[in-house]
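The values are calculated or read from the model by the stated rules, or taken from the named source; none is laboratory data. Quantities reported herein were computed from a predicted structural model and do not represent experimental measurements. Cβ placement follows ideal geometry from the backbone for every residue including glycine, while neighbour counts extend to all protein chains displayed. Remember, those area values only see protein heavy atoms, side chains included, never the ligands or the DNA or RNA. Shrake-Rupley method; radii C 1.70, N 1.55, O 1.52, S 1.80 Å.
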Amino acid sequence: MTIILAQHDQAPARTKRSDAMNDNVLTVEGLKVGFRTDKGRFSILDGVDFTLRRGRTLCLVGESGCGKSVTALSIMGLLAENAEILGGSARLNQHELIGLDRHALRRLRGDAMAMIFQEPMTSLNPAFTIGNQLIEGIRQHSDLEGAAAREHAIEMLKRVRIPAAEQRMGEYPHQLSGGMRQRVMIAMALANDPGLLIADEPTTALDVTIQAQILQLIRRLQHDSGTAVLMITHDLGVVAEVGDDVAVMYAGRIVERGSVTALFDDPLHPYTIGLLSSIPRLDDTLTRLSTIPGSVPTPAEMPRGCRFSTRCPFADQHCREEVPPLAAVGNDKEHVVACWKAPIEHCEECSESREVMA
Amino acid sequence: MFAFIFRRVLIAVPTLLLISLMVFSLQLLLPGDPALALAGEERDPAVIEAIREQYHLNDPMIVQYGHWLAGVFTGDWGISLRNQMAVTDLLLSKLPVTLELAILAMLVALAIGVTAGLVSAVKKGTRWDFGANVIALSGISIPNFWLGIMLILLVSVRWGLLPASGYTSPLESVSRNLEMMVMPALVLGTAIAAIMMRHTRSAMIQAMQADYVRTARAKGLSERVVILKHAFRNALVPVVTMGTLQFGELLSGAVLTEQVFTIPGFGKLIVDAVFNRDYAVVQGVVLFTGTVFIVMNFIADLLYFLLNPRLRT
Ligand SMILES: Nc1ncnc2c1ncn2[C@@H]1O[C@H](COP(=O)(O)OP(=O)(O)OP(=O)(O)O)[C@@H](O)[C@H]1O
Ligand code: SF4
Ligand SMILES: [Mg+2]
């Protein structure tokens, strides 16, 4: 990973919890990330902004490839070798993460911030026992050794409701079901009581019933500990279930952000409107799945202005040329949208196309 | 676990029988009638008949094979025509030499091969990786005998640093023994190091891309622990399997290298036996090294099993 941006604030963010003065656990501003590949350089994230407060859950939603994982990995400092952070800032409890050296980042990872991944089947090391992998993370960031570290590991397994926790310590990942492994991952992530938990599609690979259990578990643990959760998902059902706030991402930009209620009740961005109309409604006898026509432009053919303009029924020349800023359009100052024509209801020239969206 | 071992043994037994059958058939390729050869000048039909009886030469082939196999099991592997020694004694006298050479060569191979493989995997695409690959490729393509001769010419003849050839038992003089073993061990070891390097490299590259490596990093573990514990432990399986098989091959005797350095191991034993038409010895060496090879295969399987928690538990 190359950091192009010069950073002044190099102080490691040792404090795990934000103080009472400021509840913001994570602040991401104008984050830009690109990749170098054989075919050239591509910009993947182009100015991602959001904040996450203590004890809250922010859902990052968007279709596959829009840059959700890249956002998460940038924060954790786990981007691939060929990634470049081109600009912006990510602050954990007011301490800048971007540009932090390897060692300082390593001290934060697994301690002040932790992450769980989509694939519980492959995220644990098949060659080591559950206990070994749990204790290793505990010892890395605490003074606990030997029996005390082991006790804490067992305690964590109990907290994520794994039956026969003590016995599980000596078992290998393949002896556990997918749901159980994801619980182990959660136990591992929360073992050092992080202020921030990033969950990158933690339930996508699981059965529906297990999904609900895991989400409930995260919700409950978060309630007990006050951990802020960045929940990455492309499932609006998950957003409705666990989210306090939601940020909708499209092609490397946040296009709309607000509280879950505001966004579900009054979606402002044409992309969000499209997304919401594509979730099956229970009250509909015929499940209406009006997916948005077209596909995400490739990095090489990204429009200069609004990145949704290639699929948006309301797009005009202005949209294609100028990047719409993320701004509030109504009374709710927290509910922001990046669209020149939002709110669409009040957009006069949009009436014809509105039919298309409905 | 026991079921696994049992199954492997079940597979090993017919393979061993097949080898023994092949070794036995070697006898049939002997020119002329063995009874005639043994009877000497007189060729008295009564004597010949007695010899035929004594050596079961009148029995059907399968019975002869049975007798021969029984002999093999009771330690009767025949007598060397050349020096009248029991083949088993001959083999046992050469075993320590070949074993020592194999162990030394394997140490060289592991030290160089695994280290170079690790470095080139972790530094994939850099000059380090490129350099290690070039050296590995040369290691694979340079013939052992050529490298051996070059070493002798440079180190022994030009610089006079080490003895060019021969063998001293470590019981006599450890330092003298090591002086003589250094070059052959290097020649054999570097060839295998190249193979080990390629295997370690590809296994490590694969392991470093695994999700669990990302998890390990997300825990804030140091890069050293991530590489040497999490990735290497998973890359170890193919490396150990390959190493064991290579060791088995070393134990069969390095014919050319032993010849170049005139080391009296299995390699030299079989070459001498072939040139002297000392069939009993040829049979003995083939039977022995074949068995060793199958045993090493079995051990490789066993290690694969033991290193793999998914199979073990
Ligand atoms: N190492 C890399 N080199 C080049 N491109 C990359 C690399 N990693 C990710 N990308 C690209 O960045 C884009 C965003 O990827 P990302 O993994 O963040 O998507 P995502 O939103 O998490 O999608 P999903 O829902 O499928 O997980 C994709 O187009 C992907 O191809
Ligand atoms: S800015 Fe224009 S193209 Fe973009 S979403 Fe709004 S109306 Fe559509
Ligand atoms: Mg992803």
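May I ask for the Rg/Rh ratio of region B:98-312, computed from Cα atoms with Rh as the Kirkwood radius, given to two decimals?
1.05
For region B:198-313, what is the accessible area per residue in Å² when the probe is 1.4 Å?
Result: 40 Å² of accessible area for each residue.
Could you work out how far apart the two model spin labels at B:F73 and B:R127 are, taking each label as a point 7 Å from the Cα in the direction of the beta carbon, and quote it in nm?
Going by the 7 Å Cα→Cβ label model, 6.4 nm.
Testing the spin-label approximation: label points 7 Å from Cα along Cα→Cβ at A:R220 and A:Q317. State their distance in nm.
6.0
Listed highest first by mean packing, meaning other Cβ atoms within 10 Å per residue, what order do B:112-120, A:165-173, B:6-14 come in?
B:112-120, A:165-173, B:6-14
How many nm is it between the label spots at B:F275 and A:L276, if each spot is 7 Å from the Cα in line with the beta carbon?
9.2
What Rg and what Dmax come out for chain A when only alpha-carbon atoms are used, in angstroms?
Final numbers for Rg and Dmax: 21.2, 70 Å.
Name the aspartates and glutamates eligible as straight-distance cross-link partners of B:K268: C-alpha to C-alpha under 20 Å, and not fewer than 8 places from it in the same chain.
Partners found: B:D89, B:E100, B:E179, B:E249, B:E258, B:D278.
Under a 1.4 Å probe, what is the accessible area of region A:19-124 per residue, stated in Å²?
38
Residues of region B:206-224 with accessible area at least 50 Å² lower in the all-protein-chain context than alone (1.4 Å probe)?
B:D211, B:Y212, B:R214, B:T215, B:A218, B:K219, B:G220, B:L221
Whose amide H sits under 5 Å from the amide H of A:Y250, counting only residues 5 or more places off or on another chain, with H placed in the peptide plane?
Close amide H contacts, sequence-distant or interchain: A:V255.
What is the log10 of I(q)/I(0) for region A:127-192, computed with the Debye formula using one identical point scatterer on each Cα and no solvent, at q = 0.21, 0.23 Å⁻¹?
Here log10 of I(q) over I(0) equals -0.74, -0.89.
What is the log10 of I(q)/I(0) for region A:76-221, computed with the Debye formula using one identical point scatterer on each Cα and no solvent, at q = 0.09, 0.10, 0.15, 0.16 Å⁻¹?
-0.29, -0.36, -0.79, -0.89
Quickly rank A:142-149, A:94-101 as a protection proxy: mean count of other C-beta atoms within 10 Å, highest first.
Going by the mean number of other Cβ atoms within 10 Å, highest first, we get A:94-101, A:142-149.
Work out from phi, with θ = phi - 60° and the Karplus expression 6.51 cos²θ - 1.76 cosθ + 1.60, the ³J(HN,Hα) of each residue of region A:317-326, listed in order in whole Hz, and give x for Gly and Pro.
Calculated HN-Hα couplings, in order: 4, 4, 4, 6, 8, 10, 6, x, x, 7 Hz.
Once neighbouring chains are kept in place and the probe is 1.4 Å, which whole percent of the accessible area of the protein assembly as shown is contributed by carbon and sulfur?
Heavy-atom surface of the protein assembly as shown belonging to carbon and sulfur, 1.4 Å probe: 59 percent.
So for chain A, taking the charge dipole from beta-carbon charges (+1 Lys/Arg, -1 Asp/Glu), which of A:Q216, A:L268, A:V296 sits furthest toward the positive end?
The Cα lying farthest towards the positive end belongs to A:Q216.
Round to the nearest 10 and give me the degree value, 0 to 90, for the angle of helix A:146-159's Cα axis relative to the longest principal axis of chain A.
Once rounded, one gets 40 degrees.
Give me a single rounded figure for B:3-9: the average over its residues of other chain Cβ atoms within 10 Å of their Cβ.
0
Per residue of region A:50-59, what does 6.51 cos²θ - 1.76 cosθ + 1.60 with θ = phi - 60° give for ³J(HN,Hα)? Whole Hz please, x for Gly and Pro, Karplus curve as stated.
So the Karplus estimates, Gly and Pro as x, are 6, 10, 9, 9, 3, x, 9, 10, 9, 9 Hz.
For chain B, what does -39500 (n - 2.57) per DSSP helix run (n ≥ 4), summed and divided by total residues, give at 222 nm, in deg cm²/dmol to the nearest 500?
When only DSSP H runs of four or more count, the value is -24000 deg cm²/dmol.
Given R₀ = 41 Å, FRET efficiency for A:N82-A:D266 by Cβ-Cβ distance, to 0.05?
Efficiency computed from Cβ-Cβ geometry: 0.55.
Using 20 Å bins from zero, what percent of all Cα-Cα pairs in the protein assembly as shown falls into each bin?
15, 34, 25, 17, 8, 1, 0
Can you spot the lysines whose alpha carbon is less than 21 Å from A:K341's alpha carbon? Ignore those fewer than 8 places along the same chain.
Leaving aside lysines fewer than 8 places away in the same chain, those within reach of A:K341 are A:K333.
For Cα pairs less than 8 Å apart in space and 6+ apart in sequence, what is the mean separation divided by the residue count of chain A, i.e. the relative contact order in percent?
In percent, rounded to a whole number, it is 18.
May I ask you to compute the full-extension gain from B:L311 to B:S175, defined as 0.36 nm times their residue separation minus their alpha-carbon distance, rounded to one decimal in nm?
Additional length available on full extension: 44.5 nm.
On a 26 Å Cα-Cα criterion, which of the cross-link pairs B:K123/B:K229; A:K68/A:K158; A:K68/B:K123 come out too long?
A:K68/A:K158; A:K68/B:K123
For region B:118-243, what is the Kirkwood estimate of the hydrodynamic radius, computed as the reciprocal of the mean inverse distance between distinct Cα atoms, to one decimal in Å?
About 16.9 Å, per the Kirkwood formula over Cα pairs.
Tell me, what HN-Hα J-couplings in whole Hz come from the Karplus equation 6.51 cos²θ - 1.76 cosθ + 1.60 at θ = phi - 60° for each residue of region A:87-102, using x for Gly and Pro?
x, x, 8, 9, 10, 9, 6, 6, 9, 5, 9, 6, x, 5, 6, 3
Would you pull out the residues with amide H under 5 Å of A:G87's amide H, same chain only if 5 or more places away, H placed 1.01 Å from N?
The answer is A:K32.
Cα axis of helix A:208-225 to longest principal axis of chain A: angle in degrees, 0 to 90, nearest 10?
For helix A:208-225, the angle is close to 70 degrees.
Taking chain B as a Gaussian network, Cα atoms linked when under 10 Å apart, which of B:K94, B:K219, B:K229 shows the biggest mean-square fluctuation?
B:K219
Counting residues in region B:107-173 as N, plug N into 2.2 N^0.38 Å and put the Cα Rg over that result.
It is 1.49.
Which whole number gives the average count of other chain Cβ atoms within 10 Å of the Cβ atoms across peptide A:68-78?
Whole-number average of other-chain Cβ neighbours for A:68-78 is 1.
With each run of n ≥ 4 DSSP H residues scored as -39500 (n - 2.57), what mean residue ellipticity at 222 nm is computed for chain A after dividing by its residue count and rounding to the nearest 500 deg cm²/dmol?
-9000 deg cm²/dmol
Taking the Cα atoms only, what angle lies between the long axis of helix B:45-54 and the longest principal axis of chain B, rounded to 10 degrees?
Once rounded, one gets 40 degrees.
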